[in-house]
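Participant: Would you mind keeping the following structure in view while I ask a few things?
The values are calculated or read from the model by the stated rules, or taken from the named source; none is laboratory data. Predicted model only: the values in this text are computed from it and were never measured. Positions of Cβ are generated from backbone atoms using ideal geometry, with glycine treated the same way; all protein chains shown enter the neighbour counts.
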Amino acid sequence: MTNSIGPQGDLPRYHQISNILVERIEKGRYAIGDLLPTEQDLCGEFEVSRYTIREALRRLTDAGLVRRRQGSGSQVVANKAPANFVHSMRSLSELFQYASDTVFKITKIEMLVPEPEVKPYLGDSGDEPWLYVEGVRLAADGRSPIAFSRVFVNREFEGIVPDLPGVSGTIFRLIEERYGVVVENVEQEIQAEPMGKYAAKLLDSSTRIWAVRVIRRYFGSDRKILQISVNYHPADRFSYSMQLRREGTKGWV
């Protein structure tokens, strides 16, 4: 019988399965030192392909929960992900999941004209006021800082302000729900730069550590910019994982 997925059915199948396996590890069903069921057994349980299972196990490996060895299977090495944060994203569904797995603690909400370094990302509206939201992205425990985040929202959507304090999930999902627009694609740019003093203080980091700056631009229909986020991650405890496929091949399972 197929394992029940519950409320996470909108996620890719491999992501759903990895979440189930993580829960089993955390609850002790698979203890440290144990081997997970074989790929064949997991394929049978979840009624999916071997490729899907390998993708699920890759997520557990990236999280530092299991160690995979050729011919030996997957061994549990931790029952809780280490402090190093691995961000893996291949779809908007995974971006939604990233937000639901973390906590955004907002510290500032105001209208402002973006500074010169941000304006080039805003197109023709760079000289106009934008709704600015600033805060710290925390791990699911609500204590461990992951990133210092600065979000610029098209002022057309400033009506979301009353809903921002205590918001769960992503700001762009809030925009979608309130205004009936849809984020059709996201462009991302990753760059390394010295960690600023203000960000370092909020992230319990050091100004000697470099920051991984991740800028995302969220587009609606007709390439309209809905929001831009600028996220600063301490380079010593952050890594980004992605996979590429050759154009013209079949999509991911």
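Participant: Regarding region 9-17, can at least one residue be identified that is modelled with pLDDT under 90 and loosely packed, with under 12 Cβ neighbours inside 10 Å? Talk me through it step by step, then tell me what you get.
Facilitator: If we filter region 9-17 for residues that are modelled with pLDDT under 90, which is where we start, we get 9-16.
Still in the running and loosely packed, with under 12 Cβ neighbours inside 10 Å: 9-10.
Yes, because at least one residue in region 9-17 is modelled with pLDDT under 90 and loosely packed, with under 12 Cβ neighbours inside 10 Å.
Participant: In addition: Hey, among the residues in region 41-62 that are in contact (Cβ under 8 Å) with a residue 60 or more places away in the chain and not hydroxyl-bearing (Ser, Thr, Tyr), which one's farthest from residue 241 (Cα to Cα)? Spell out how you get there, then give the answer.
Facilitator: Filtering region 41-62 for residues in contact (Cβ under 8 Å) with a residue 60 or more places away in the chain gives 48-49, 51-52, 55, 62.
Next cut, not hydroxyl-bearing (Ser, Thr, Tyr) only: 48, 55, 62.
Numbers: 48: 23, 55: 12, 62: 8 Å.
Among those that are in contact (Cβ under 8 Å) with a residue 60 or more places away in the chain and not hydroxyl-bearing (Ser, Thr, Tyr), it is 48.
Participant: Kindly indicate whether residue 134 is surrounded by 14 or more Cβ atoms within 10 Å (Cβ to Cβ), at pLDDT below 85, more than 18 Å from residue 237 (Cβ to Cβ) and under 20 Å from the mean Cα position of the chain (by Cα).
Facilitator: On the way: surrounded by 14 or more Cβ atoms within 10 Å (Cβ to Cβ): yes; at pLDDT below 85: no; more than 18 Å from residue 237 (Cβ to Cβ): yes; under 20 Å from the mean Cα position of the chain (by Cα): yes.
Here the answer is no, as residue 134 does not meet what is asked.
Participant: Can you tell me which residues in region 187-204 are in a loop (DSSP other than H, G, I, E, B) and in contact (Cβ under 8 Å) with a residue 60 or more places away in the chain? Explain how you work it out, then say what you get.
Facilitator: Narrowing region 187-204 to residues in a loop (DSSP other than H, G, I, E, B): 195-196, 203-204.
Residue satisfying the conditions is 203 alone.
Participant: Let me ask you something else. From the set of residues in region 18-40 that are free of Cβ contacts under 8 Å to residues at least 40 places away in the same chain and either over 20 Å from the mean Cα position of the chain (by Cα) or at positive phi (or both), which is surrounded by the most Cβ atoms within 10 Å (Cβ to Cβ)?
Facilitator: Ranking the candidates gives 39 first.
Participant: Taking region 138-186, which residues are free of Cβ contacts under 8 Å to residues at least 12 places away in the same chain and surrounded by 20 or more Cβ atoms within 10 Å (Cβ to Cβ)?
Facilitator: Result: no residue meets the conditions.
Participant: Which ones in region 32-79 are β-branched (Val, Ile, Thr) and assigned to a loop (DSSP other than H, G, I, E, B)? Show your work before the answer.
Facilitator: Within region 32-79, the first condition is being β-branched (Val, Ile, Thr), and the residues that meet it are 32, 38, 48, 52-53, 61, 66, 76-77.
Of everything in region 32-79, those that are β-branched (Val, Ile, Thr) and assigned to a loop (DSSP other than H, G, I, E, B) turn out to be 32, 38, 48, 77.
Participant: Kindly evaluate residue 151 against the criterion of being touching a helix residue (DSSP H, G or I) at 6+ places or on another chain (Cβ under 7 Å), among the hydrophobic types (A, V, I, L, M, F, W, C) and not in a helix (DSSP H, G or I).
Facilitator: The answer is yes for residue 151.
Participant: Mind checking whether some residue in region 208-225 is under 21 Å from residue 105 (Cα atoms), outside any helix (DSSP H, G or I), of a type outside the set (D, E, K, R) and modelled with pLDDT under 90?
Facilitator: no
Participant: With the structure loaded, tell me whether residue 123 is on the phi > 0 side of the Ramachandran plot and either in contact with an Asp or Glu (Cβ under 9 Å, 6 or more places away or on another chain) or not in a loop (DSSP other than H, G, I, E, B) (or both) or whether it fails that test. Outline the logic, then answer.
Facilitator: Numbers: on the phi > 0 side of the Ramachandran plot: yes; either in contact with an Asp or Glu (Cβ under 9 Å, 6 or more places away or on another chain) or not in a loop (DSSP other than H, G, I, E, B) (or both): yes.
Answer is yes for this residue.
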